[in-house]
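*Asks:* I have a structure here, written as structure tokens, and I will follow up with some questions on it.
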Amino acid sequence: MKLEEELKQTRFKDEYQRAMLNIIFTGGWLEVGASHVLKQYDLSSQQFNVLRILRGSAPKPLNLLDIQERMMDRMSNATRLVEKLRQKGLLTRKQCDSNRRKVEIEITDKGLTLLKELDPIMEKNHKELTKKLTKEEAVILNELLDKLRD
């Protein structure tokens, strides 16, 4: 559906405003699509992102700043996210032996098992959400979005 139909707006200031609103709206639409799946596992997309970051760094632990720098949503409260995941047994937090001010965060076996279960489900979800784009269109879209942020 066109953005105009989605927002019930017939015109925009210019194509740049339409593009910006389209990116924001589509990002939200993709977020809802992913969140629908993750909700069944009592996870937010930000929590899922933290678990994937930790899996990617394993076996090396990360600190909160490392995690925050790698997050998709950098405005998220990483401390709160990490604590919720710790309470669920999906990661551990412990003080670094060599620097007591540093907290090391690692994914647990339970967290790895959950991600292993979620990987094919999220892959299927991503394919479903992006099925209307060809690979070539996805490449062009990526190039344009990278160019916008460059």
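*Asks:* When segment 93-118 is examined, which residues are found to be open to solvent by less than 60 Å² (accessible area, probe 1.4 Å) and touching a helix residue (DSSP H, G or I) at 6+ places or on another chain (Cβ under 8 Å)?
*Replies:* Residues satisfying the conditions are VAL103, ILE105, GLU106, ILE107, GLY111, LEU114, LEU115, LEU118.
*Asks:* Looking at LEU90, LEU51, LEU30, which is the one that is touching a residue at least 24 places away in the same chain (Cβ under 8 Å) and under 25 Å from LEU145 (Cα atoms)?
*Replies:* Details: LEU90 fails: under 25 Å from LEU145 (Cα atoms); LEU51 fails: under 25 Å from LEU145 (Cα atoms).
Within the list LEU90, LEU51, LEU30, the selection yields LEU30.
*Asks:* For GLY89, state whether it is closer than 14 Å to ASP42 by Cβ, in a loop (DSSP other than H, G, I, E, B) and open to solvent by less than 60 Å² (accessible area, probe 1.4 Å).
*Replies:* Details: closer than 14 Å to ASP42 by Cβ: yes; in a loop (DSSP other than H, G, I, E, B): yes; open to solvent by less than 60 Å² (accessible area, probe 1.4 Å): yes.
Yes; evaluated as a whole, the condition is true for this residue.
*Asks:* Assuming LYS39 fulfils every condition listed in (1) within 25 Å of ILE121 (Cβ to Cβ); (2) touching a strand residue (DSSP E or B) at 6+ places or on another chain (Cβ under 6 Å); (3) basic (Lys, Arg) apart from one, which condition is it?
*Replies:* In the conditions (1) within 25 Å of ILE121 (Cβ to Cβ); (2) touching a strand residue (DSSP E or B) at 6+ places or on another chain (Cβ under 6 Å); (3) basic (Lys, Arg), LYS39 misses (2) alone.
*Asks:* Still on this structure: Identify the residue in segment 69-86 that is free of Cβ contacts under 8 Å to residues at least 12 places away in the same chain and in a loop (DSSP other than H, G, I, E, B) and, among all such residues, is surrounded by the most Cβ atoms within 10 Å (Cβ to Cβ).
*Replies:* By that ranking, first place goes to ASN77.
*Asks:* What number of residues in segment 59-68 are more than 19 Å from SER44 (Cβ to Cβ) and open to solvent by 50 Å² or more (accessible area, probe 1.4 Å)?
*Replies:* Within segment 59-68, residues that are more than 19 Å from SER44 (Cβ to Cβ) and open to solvent by 50 Å² or more (accessible area, probe 1.4 Å) number 3.
The values are calculated or read from the model by the stated rules, or taken from the named source; none is laboratory data. Model, not experiment: these values are computed from the prediction. Methodologically, a virtual Cβ is constructed for each residue, glycine included, from the backbone with ideal geometry; neighbour enumeration extends over all protein chains shown. What goes into the accessible areas is simple: the full protein's heavy atoms, side chains included, and nothing from ligands, DNA or RNA. Shrake-Rupley method; radii C 1.70, N 1.55, O 1.52, S 1.80 Å.
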